[in-house]
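Here the structure comes first, spelled out in structure tokens, and everything after it is commentary.
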Amino acid sequence: MTEMADGYDIVPPLPPRYRFRDLVLGEHYGEEDGRVRVEFFVDEQSFKERLQLYFIKNKRSSVRIRLFNLLIKFLSCVLYVIRVSLDNNDLPGAEEQISSGSYSSGTGVTTMAATPMPKQCCTKENAEPSIRWEALLWVERSPVLWVIQLTIAVISLIQALLLLFLQYKGNILQQILNIYFFLELITTVPFLITIFSEDLRRLFIPVFFNCWLAKMLLENLFNDLHRVMQKPHSALSQQLMILLCTLLCLIFTSWMGIQHLERAAEKGMSVFHALYFTFVTFSTVGYGDIQVDIWPSQLYIMIMISAALVVLPVQLERFGFLLVERQKQGGTYSQHRAESGKHVVVCATILQYDLITDFLNEFYAHNLLNGYSVVLVSPCELDNALRALLQVPLWAQRVVYIQGSVLKDQDLIRCRINVAQACFILSPRNVMDRSDADQQTILRTWSVKDFAPNVSLYVQILKPENRFHVQFADHVVCEDEFKYALLANNCLCPATSTFVTLLIHTSRGQEGSDSNSQWQRTYGRCSGNEVYHIKLGDSRFFGEYESKSFTYASFHAHKKFGVALIGIQKTDEGATIQLNPGPRHIMRSTDICFYMNISKEENSAFILRHPREDQQKEKTDSSKTTNYVPPENGGMTKVESAIASVGTLALELHHIGGKPGSPAASATTSPAKARESYMSPEGRESSGTSLEMMAGTSSMDRNHLMPPAGEDGDNGFLMPAAANRGRRPSIMPVLEMMSSDPEDEQPRDEKLLHAQKQVDLVDTEDVQLWDEEDPWTKGTPPFLPYIGYTPALCHLLTKPKQFCCLELDQPCEHCSYRHAAEYNWPNNNIIIAAEYAALAMINFVVPLRAHWRPKHTLKPIVVLLEKRPDSSFLDCILSFPMVYYMIGTIENYDDVLRAGILQADTVVVVDKESSKLADEDYMADANQIVAVQTLFKLFPHVSIITELTHPSNMRFMQFRAKDTYALKMADKQKIEKQKGSNIAYMFRLPFSAGNVFSASMLDTLLYQSYVKSYMISFTRLLLGLDQAPGSGYLCELRIIAEDMWIRTYGRLYQKLCSTTHEIPIGVYRTHSHADNKSELSVTIEDDDNSSLGQSDERKEIASIIRMKMKKIDLPPEEYDSEVSDKRHKLSYVLINPSFDLKLEMDDIIFIIKPAGGPKTPSPMPPRRKFSSRRKPRKAEPRVEPQGSNVDTKL
């Protein structure tokens, strides 16, 4: 080991590479070593090869040599200017030589006769000026200056000859005739001649031509630097440098040449005047204040102008060509800008105008992002519309476009992806093959992750089966998953797509504020609600509800501040968002609260209604008790807690159900004492239910827990005599907390709503409709449609169907039915029409078969496909009850009749991929629009939900040329768009009613996730795509005439929170156009000649449909030829309406039910609907049991 170590120690260090000694003598000259050295590439080890390696081939050494040459050329030009500045234009001994008539030229003596000049030459103005030729040949040059210039000339000449030798390739004449070699000779060889005679040192040498050699060296130097540094995209900058150098060389050559030639004139020209004359001449101004007097100067000027006219246009053409190409390819995001600011990168195959405008409007809608820059990267060129958009001053300084591919490292460097804050990778939606589009997105995601592993990725994928490839990304939105889930929820909760679209778009709620219509003002104001989050300990909205139940905090926060608390997230490790965790969740200071409001709390101003409100609040807070004591430890039971929360308000106790002998029954007092105690400030403050109201609400003295004011002005406080005359029922208060024991008796209102009665009658109403011989079960689907699918608990068949039983219109040995009417389903069916069966369609079925939906509300699903589905899709739907498929199209009348459109409640039309082949981009929806318009004409009773590629095409849905109200909404859209609204189409009637949907509306979900990282998870929970432990689910309830005693949205909020612990989040309202008193002048004229069901067109349509029905053995009388009243209805969504909003009949409330739910059934479940056109159900049992046998016991 020691010997080996010594052997390594004697190894000499490696000498530096490419030293001149090593080039001449070799790198290992003088080394004495017993080892044998083997040299490789011996053909490059000759003296000439070593010189070529040092001067030409080696990048770094050649750069150093060129840089040295450039410096000495520049120095020679500077020395020439110094020599000219020091020259006084007087030749030594000129006066004596002229007076004697002789002039010494330095090489001989010239004798001239001293003849006087003719007199007329001096007097005539057009006399030819005399030329002093000797002044052009001899100049004044100091010895020091001569030595420096001579040294530079010798070095330059030796190097030029050496490069001529090294670059020799057999044609010496071609190299000698090179213009740059010729310039090198005329600027260096004369200096060698001056060595032999001192008089020749004053010889004029045109050293200023070295500027052209410096220009050539600068070009070569940039080329070498680009090779060494591998600097990308430098052609434009290099061409610009060449153009500027050419212009400077022309000016410098003209400047020095004119100054020297004017030495021969009588007056001469100073250095500054020569420069001034050159600029004036080249700028084509020509003031005429300075002129050249002799013909050599004039000839020189003509030559230089001609040269400029030849050289400059060529350089300008090259520069213009590169500039145009640069504009097509976009710029480069500078390193300095990337380090000093923040930016995000957006990658897409095609940058469409609508796509980019939606992104920019949504991204910069948040104030925190106004200082960010956006870098657009795409392999395609910008179209004219988008190019003009990026020239707008609003975006010109914020948006940078780069044409390139993120699969290339060079383009990733151009956009500075390694220091970007985030990278958005968007899928091309308008493509024929969605799988191919996903493959491109996957490769882009992998490329960015490989190059910049620390950058946050926001990926948009189209098909869910490809999502697991990009699961590592920070945020992923699968379009098909959200699309089908939204369409499914639309069938149960009307306008869910509109609700979610408005919720994920940024708006300030200013749309429709200047409208004369009340519904437009309310609809526009509520559309500004978004989802925000805040820590409870830092919140003024919810901070006072610490240690209270979730439902208590939700109701009182809405009553006091107008915000809707809809979910929380614990700080525990691995905790997920929980929508409406229920009253058993006690709010903690560390909980993250999710709420809906116009603005987030940090941007809200709190204005007190009364000057003494702070004092009252402190007094109220001090009187509240927030610590819960279980009953077994001496605490109160549930009913006692309810009594304590109301205080001494004994008038309300007879509405609280309790067992005889319970504390509730023994706590009653006289009405007079109850009113006296309630009206006293102490009693009101100790009740724990009175909260400060925001400005604009009802009076502070009004308690919303009390019955409404009577007609006699008694403010709702009735004596027993008044109560006997029929007092409106009141609502029990929301409890601060619930017992942790689920067996404790829950307080319950005696006043039942209509929906509660319907639920109680389910078990006794027509039990023959649901056969219990083939029971259903609850579980997760046995087949997973794709990798990454989250199984959801839903209703399943105990025994899956056979494949043959899935096809609706094809009889088999198990089932002989040929169309939907023969199945005689108890509920109306849902038809979804698509081009092919996508695996993501399982997300349409699962929400309609969710485990929490009562069995008696489930509706049959018919999937109408143009192409036969594959076995993988059929395996997924085998276990679901009442799910069928059928081959056909919505354009074929026979197909839609066999699919059961006469019995259908809803028809969902999915966008077709084949329509993307349209020549005009916006014509991609033409097929769907015309087909849906046909269904709208033929079957007006059916609610049709259509998916479009372009949201702008929604104006053609249910189109009627004489619908003046729809035309007025079109004008409203234009006005809102001019005001800068991001969702100007919200006033289109098909969109507000939830009849149209576009997947592009979901793009903002990905954009918002940059600021709100929880938005994707929140939306998935809301739509039922994910199920989290303890999280609630979206449902709906309908307000009917019997429920109008509830009166306002705030009282309904209290009713739901206090009984079933449900949280309302919005209202879907429908009324006639004529209900708007401010728009009575607006009339609606139908295309059917205003005679519904009696026009010739309706008769012709009815005749055709009935003939088709006879053909497929359907009773013709089931077709209803009358036009539905839906044509004259106006529907819209109100997100988180105000506390005082008056409810109307047929309002549908969006609610979030708690997980598990209370023992009490939901007060307003979905109502059962039976087709009025269906024949009575036959008594004989069904032959095909799997689709309709239902167990009503939940």
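The values are calculated or read from the model by the stated rules, or taken from the named source; none is laboratory data. All values reported here derive from a predicted model rather than from experimental measurement. Reconstructed Cβ throughout: ideal geometry from the backbone, glycine too, with neighbour counts over all protein chains shown. The accessibility values were calculated without ligands, DNA or RNA, using every heavy atom of the protein model including side chains. Shrake-Rupley method; radii C 1.70, N 1.55, O 1.52, S 1.80 Å.
The residue that is surrounded by the fewest Cβ atoms within 10 Å (Cβ to Cβ), counting only those in the range 937-955 that are in contact with a strand residue (DSSP E or B) (Cβ under 8 Å, 6 or more places away or on another chain), assigned to a loop (DSSP other than H, G, I, E, B) and not hydrophobic (A, V, I, L, M, F, W, C), is 950. Residue check: is residue 575 more than 21 Å from residue 1155 (Cα to Cα) and without any contact (Cβ under 8 Å) to a residue 24 or more places away in the chain? No: the conditions fail for residue 575. The listed residues are 228, 280, and the only one of them that is farther than 24 Å from residue 79 by Cα, β-branched (Val, Ile, Thr) and at pLDDT 85 or above turns out to be 280. Scanning the range 475-497 for residues that are within 17 Å of residue 523 (Cβ to Cβ) and either in a helix (DSSP H, G or I) or of a type in the set (Gly, Ala, Ser) (or both) yields a count of 3.
Taking the range 374-402 as the range and being open to solvent by 40 Å² or more (accessible area, probe 1.4 Å) and touching a Lys or Arg at 6+ places or on another chain (Cβ under 6 Å) as the test, only 381 passes. Scan the range 802-816 for residues that are closer than 17 Å to residue 894 by Cα and open to solvent by less than 30 Å² (accessible area, probe 1.4 Å) and jot them down. Listed by number, the residues that qualify are 807, 808, 809. Looking only at the range 540-563, decide whether some residue is surrounded by fewer than 20 Cβ atoms within 10 Å (Cβ to Cβ), under 23 Å from the mean Cα position of the chain (by Cα), part of a loop (DSSP other than H, G, I, E, B) and not hydroxyl-bearing (Ser, Thr, Tyr). Looking for residues that are surrounded by fewer than 20 Cβ atoms within 10 Å (Cβ to Cβ), under 23 Å from the mean Cα position of the chain (by Cα), part of a loop (DSSP other than H, G, I, E, B) and not hydroxyl-bearing (Ser, Thr, Tyr), one finds none in the range 540-563, hence no. So which of 299, 275, 261 ends up being more than 20 Å from residue 130 (Cβ to Cβ) and out of contact with any Cys (no Cβ under 7 Å at 6 or more places or on another chain)? Result: 275 is the single residue among 299, 275, 261 that is more than 20 Å from residue 130 (Cβ to Cβ) and out of contact with any Cys (no Cβ under 7 Å at 6 or more places or on another chain). With respect to residue 899, is the statement that it is buried (at least 22 other Cβ atoms within 10 Å of the Cβ), at pLDDT 80 or above and more than 18 Å from residue 996 (Cα to Cα) true? Considered against the rule, which asks whether it is buried (at least 22 other Cβ atoms within 10 Å of the Cβ), at pLDDT 80 or above and more than 18 Å from residue 996 (Cα to Cα), residue 899 comes out as yes.
Restricting to the range 335-355, name every residue that is open to solvent by 50 Å² or more (accessible area, probe 1.4 Å) and polar (S, T, N, Q). Matches in the range 335-355: 335, 340, 352. Among the residues of the range 441-495, those that are of a type in the set (D, E, K, R) and within 19 Å of the chain's Cα centre (by Cα) comprise 444, 463, 467, 474, 479, 480, 481, 483.
In this structure, residue 467 does not satisfy being open to solvent by 10 Å² or more (accessible area, probe 1.4 Å) and out of contact with any Gly (no Cβ under 8 Å at 6 or more places or on another chain). The number of residues in the range 404-429 being open to solvent by 20 Å² or more (accessible area, probe 1.4 Å) and in contact with a Leu (Cβ under 8 Å, 6 or more places away or on another chain) comes to 3. Being open to solvent by 30 Å² or more (accessible area, probe 1.4 Å) and in contact with a Phe, Trp or Tyr (Cβ under 9 Å, 6 or more places away or on another chain) is the filter here, so list the residues in the range 290-303 that pass it. Within the range 290-303, 290, 291 meet the criteria.
Within the range 912-924, the set of residues being modelled with pLDDT under 85 and either within 24 Å of the chain's Cα centre (by Cα) or not polar (S, T, N, Q) (or both) comprises 913, 916, 917, 918, 919, 920, 921, 922, 923, 924. Within the range 136-161, the set of residues being in contact (Cβ under 8 Å) with a residue 60 or more places away in the chain, open to solvent by less than 50 Å² (accessible area, probe 1.4 Å) and farther than 30 Å from residue 269 by Cα comprises 156, 159.
Do we find a residue being within 22 Å of residue 482 (Cβ to Cβ), of a type outside the set (D, E, K, R), modelled with pLDDT under 90 and in contact with a His (Cβ under 7 Å, 6 or more places away or on another chain) anywhere in the range 975-982? Yes: one or more hits.
Looking at 567, 537, just one residue is outside any loop (DSSP other than H, G, I, E, B), open to solvent by 30 Å² or more (accessible area, probe 1.4 Å) and in contact with a Ser or Thr (Cβ under 9 Å, 6 or more places away or on another chain), and that residue is 537. Would you call residue 1097 surrounded by fewer than 16 Cβ atoms within 10 Å (Cβ to Cβ), within 22 Å of residue 827 (Cβ to Cβ) and at pLDDT 50 or above? No, not satisfied.
Looking across 909, 863, 942, one residue alone is at pLDDT below 90 and under 18 Å from residue 488 (Cα atoms). It is 942. Inside the range 63-105, residues that are at pLDDT below 50, open to solvent by 30 Å² or more (accessible area, probe 1.4 Å), of a type outside the set (Ser, Thr, Tyr) and out of contact with any Ser or Thr (no Cβ under 7 Å at 6 or more places or on another chain) make up a count of 5. Among the conditions (1) closer than 30 Å to residue 1012 by Cα; (2) in a loop (DSSP other than H, G, I, E, B); (3) not hydrophobic (A, V, I, L, M, F, W, C), the only one that residue 288 does not satisfy is (1).
When each of 500, 531 is tested for being in a strand (DSSP E or B) and open to solvent by less than 10 Å² (accessible area, probe 1.4 Å), the lone residue that passes is 531. Looking at the range 831-909, the strands (runs of 3 or more DSSP E) lying wholly inside it that each contain 1 or more residues that are closer than 27 Å to residue 1106 by Cβ, touching a strand residue (DSSP E or B) at 6+ places or on another chain (Cβ under 9 Å) and among the small types (Gly, Ala, Ser) sit at 904-909. Of everything in the range 1029-1067, what is farther than 22 Å from residue 490 by Cα and in contact with a helix residue (DSSP H, G or I) (Cβ under 7 Å, 6 or more places away or on another chain)? Give them in sequence order. Across the range 1029-1067, the qualifying residues are 1042, 1043, 1046, 1050, 1052, 1053, 1054, 1055, 1057, 1061. Criterion applied to 168, 180 was being of a type in the set (Phe, Trp, Tyr) and in a helix (DSSP H, G or I), and the one residue passing it is 180.
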